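Notes to accompany the following structure.
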Amino acid sequence: LDRLDWLVNALLRMSRLDAGTVELCREKLSLKDLTYRAASPLAIPMELQGQSFQVVGEAQAVCDPAWTAEALGNVLKNCMEHTPAGGVIHCSYEQNPLYTQIIIRDEGEGFAKEDLPHLFERFFRGHNAKGGGIGIGLSLAKEIIESQNGTIHAKNNPDSGACFEIRFYSH
């Protein structure tokens, strides 16, 4: 029932974003605090897997706290699901006059090359998909970020694992 409730609510949130009926707050926020807020629901599953969460640096961005936490939470959940037991999920920040960037990466197997162009499509599940997800978390994250003058891209790390680059543009 919890999964069904989450699915229905996620689809309703996506519909509201699509229809343009969501009013986003614009607050200058600490991204470090927001990232920890987004990661808090994942603390117990990560602990059970012996995974850790490493945050380096600090930055600020103007964004909606609740919606952005949801987007970051979806990305972090994806990383958690693909990080092996005992692995680390890494998060860092970069800031310049044009944008603020959040980099989230895992220590998993990375994305299949043919999956990369489709990762943010609704209901897409990649070749390395794990768990019982249905493929809307990353799509929802993208809609939330783009509705706030941002972008999100995914790639494979040179060593191994997935890397998400999220940018919030200043203007």
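The values are calculated or read from the model by the stated rules, or taken from the named source; none is laboratory data. Bear in mind the structure is a predicted one, so any value in this text is a computation, not a measurement. Here the Cβ is made from the backbone with ideal geometry for all residues, glycine too, and neighbour counts use every protein chain on show. SASA here: full protein model, heavy atoms, side chains in, ligands and nucleic acids out. Shrake-Rupley method; radii C 1.70, N 1.55, O 1.52, S 1.80 Å.
Test Glu114 against the stated conditions and say whether it is under 18 Å from Ala141 (Cα atoms), of a type in the set (Asp, Glu) and surrounded by fewer than 17 Cβ atoms within 10 Å (Cβ to Cβ).
Criteria not met by Glu114.
So Phe123 passes all but one of these: (1) open to solvent by less than 20 Å² (accessible area, probe 1.4 Å); (2) more than 15 Å from Val75 (Cβ to Cβ). Which condition number does it fail?
So the condition that Phe123 fails would be (1).
I'd like the full set of residues that are part of a loop (DSSP other than H, G, I, E, B), over 16 Å from Leu17 (Cα atoms), in contact (Cβ under 8 Å) with a residue 12 or more places away in the chain and not small (Gly, Ala, Ser), limited to segment 146-161.
Asn157
Can you name the condition, by its number, that Val75 falls short on among (1) β-branched (Val, Ile, Thr); (2) loosely packed, with under 13 Cβ neighbours inside 10 Å; (3) in contact with a helix residue (DSSP H, G or I) (Cβ under 6 Å, 6 or more places away or on another chain)?
For Val75, the failing item is (2).
Give all pairs with beta carbons closer than 7 Å in which a residue from segment 13-41 that is modelled with pLDDT of 90 or more meets a residue that is open to solvent by 50 Å² or more (accessible area, probe 1.4 Å) and not β-branched (Val, Ile, Thr); count only pairs at least 6 apart in sequence or on separate chains.
Close Cβ pairs (under 7 Å, with a partner that is open to solvent by 50 Å² or more (accessible area, probe 1.4 Å) and not β-branched (Val, Ile, Thr)) amount to Lys28/Gln60; Leu29/Gln60; Ser30/Glu58; Ser30/Gln60; Leu31/Gln60; Lys32/Glu58.
Is it the case that Gln51 is modelled with pLDDT of 95 or more, open to solvent by less than 30 Å² (accessible area, probe 1.4 Å) and farther than 15 Å from Cys163 by Cβ?
Yes; evaluated as a whole, the condition is true for this residue.
Only one of (1) under 24 Å from Asp18 (Cα atoms); (2) surrounded by 16 or more Cβ atoms within 10 Å (Cβ to Cβ) is not met by Cys91, so which one is it?
(1)
Where in segment 1-91 are there strands (runs of 3 or more DSSP E), lying wholly inside it, with at least 1 residues that are under 17 Å from Ile145 (Cβ atoms) and aliphatic (A, V, I, L, M)?
Fully inside segment 1-91 and qualifying: 27-30, 60-63.
Go over the candidates Glu165, Glu107 one by one and state the one that is in a loop (DSSP other than H, G, I, E, B), acidic (Asp, Glu) and open to solvent by 30 Å² or more (accessible area, probe 1.4 Å).
Of Glu165, Glu107, the one residue that is in a loop (DSSP other than H, G, I, E, B), acidic (Asp, Glu) and open to solvent by 30 Å² or more (accessible area, probe 1.4 Å) is Glu107.
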